[in-house]
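Asker: Here it is, the structure, as structure tokens.
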Amino acid sequence: MTIDIQQLDVSLTFVALCAGSLFFFVAWVGLLRGKLNVLRGDGGDPELFKRSRIHGNFIENAPLFGMVLLAAELLGAHDFWLWLSVFAFFSGRAYHFVRYDEKDRGVGLAMTTLPATLLGLYV
């Protein structure tokens, strides 16, 4: 089976967006680490803990989402559903980022995991 890489535009765009997001999160956490002079952990600082967890939650969710997205794209899922899933993923991550200190931050997690679950069921 030969795969035309140009047919994977949704998955490849997702990977590129994740790379940009990762760069942002690393810088966001790293700048505060430098300011606080904390090399490892959070040093007991609640803001550094928060930033580390937002970054970590992204890292915990993005790879599996990317795998089911790629698998669904390879299996021929319609681009509309794939793009909608990517939009939901990043909207969920943004919601989690903004609402991290609120009780409703789980909405962001649901917006991330629901499309991943549906893509997994499709696969």
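Yes or no, residue by residue, for (1) within 30 Å of residue 30 (Cα to Cα); (2) open to solvent by 80 Å² or more (accessible area, probe 1.4 Å):
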position: 61; (1), (2): yes, no
position: 71; (1), (2): no, no
position: 95; (1), (2): yes, no
position: 112; (1), (2): yes, no
position: 116; (1), (2): yes, no
position: 121; (1), (2): no, yes
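Asker: Still on this structure, I have one more. Tell me which residues, restricted to region 73-84, are outside any helix (DSSP H, G or I), on the phi < 0 side of the Ramachandran plot and either within 14 Å of the chain's Cα centre (by Cα) or exposed (fewer than 13 other Cβ atoms within 10 Å of the Cβ) (or both).
Answerer: 75, 78
Every residue, every condition in (1) open to solvent by 60 Å² or more (accessible area, probe 1.4 Å); (2) modelled with pLDDT of 95 or more; (3) assigned to a helix (DSSP H, G or I); (4) under 20 Å from residue 113 (Cα atoms), yes or no:
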position	(1), (2), (3), (4)
2	yes, no, no, no
26	yes, no, yes, no
53	yes, no, yes, yes
56	no, no, yes, yes
86	no, yes, yes, yes
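Asker: Within region 38-47, does at least one residue satisfy the condition of being assigned to a helix (DSSP H, G or I) and under 18 Å from residue 111 (Cβ atoms)?
Answerer: no
Asker: Identify the residue in region 97-110 that is charged (D, E, K, R) and surrounded by fewer than 16 Cβ atoms within 10 Å (Cβ to Cβ) and, among all such residues, is nearest to residue 6 (Cα to Cα).
Answerer: 99
Asker: Right, here's the next one. Of the residues that sit in region 30-51 and are under 15 Å from residue 100 (Cα atoms) and free of Cβ contacts under 8 Å to residues at least 40 places away in the same chain, which one is least open to solvent (accessible area, probe 1.4 Å)?
Answerer: 48
Asker: Given (1) closer than 20 Å to residue 23 by Cβ; (2) in a helix (DSSP H, G or I), identify the lone condition not met by residue 100.
Answerer: So residue 100 meets the others, but not (2).
Asker: Considering only region 19-26, I want to know if a residue exists there that is farther than 30 Å from residue 77 by Cα and aliphatic (A, V, I, L, M).
Answerer: So far as region 19-26 goes, yes, one or more of its residues are farther than 30 Å from residue 77 by Cα and aliphatic (A, V, I, L, M).
The values are calculated or read from the model by the stated rules, or taken from the named source; none is laboratory data. Remember, predicted model here, so these are calculated numbers, not experimental data. Here Cβ is always computed from backbone atoms with ideal geometry, including for glycine, and neighbour counts include all displayed protein chains. Just the protein is used for accessible areas: all its heavy atoms, side chains included, with ligands, DNA and RNA removed. Shrake-Rupley method; radii C 1.70, N 1.55, O 1.52, S 1.80 Å.
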